[in-house]
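The values are calculated or read from the model by the stated rules, or taken from the named source; none is laboratory data. Worth saying up front: this structure is predicted, and the values here are computed from it rather than measured. Here the Cβ positions follow ideal geometry from the backbone for every residue, glycine too, while neighbour counts run over all protein chains shown.
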Amino acid sequence: MELARLRLHDAAKRMKKYADRGRRETQFNAGDMVFLRITGEQFQPAKATTGKLTWKYEGPFRVKKKVGEVAYELELPHHMHMKHPVFHVSQMKRC
């Protein structure tokens, strides 16, 4: 059991090392301008062209406040009818 536990611990450390390679530490302040990655049906216009030809990012939008460790509230325009304008840092890119 101890050997299996040790092997699982080693495997978890190795997976974390590879997962952290693609991560970037990004933080924003209130008032910063960011682009928002547009994914899903909520951001697509009704008569959108094919996915290859649409824009990947929308914006720029102003960061209203930091909500959690990696979540930010954005000031979105009224035409983007969002119930909850809070997004993960991975969906944003500095302007």
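Figures for the structure shown
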quantity	calculated
Per-region count, segment 78-89, residues surrounded by fewer than 14 Cβ atoms within 10 Å (Cβ to Cβ) and touching a residue at least 40 places away in the same chain (Cβ under 8 Å)	1
Subset of segment 78-95 that is modelled with pLDDT of 85 or more and aliphatic (A, V, I, L, M) - its residue that is farthest from D32 (Cα to Cα)	V86
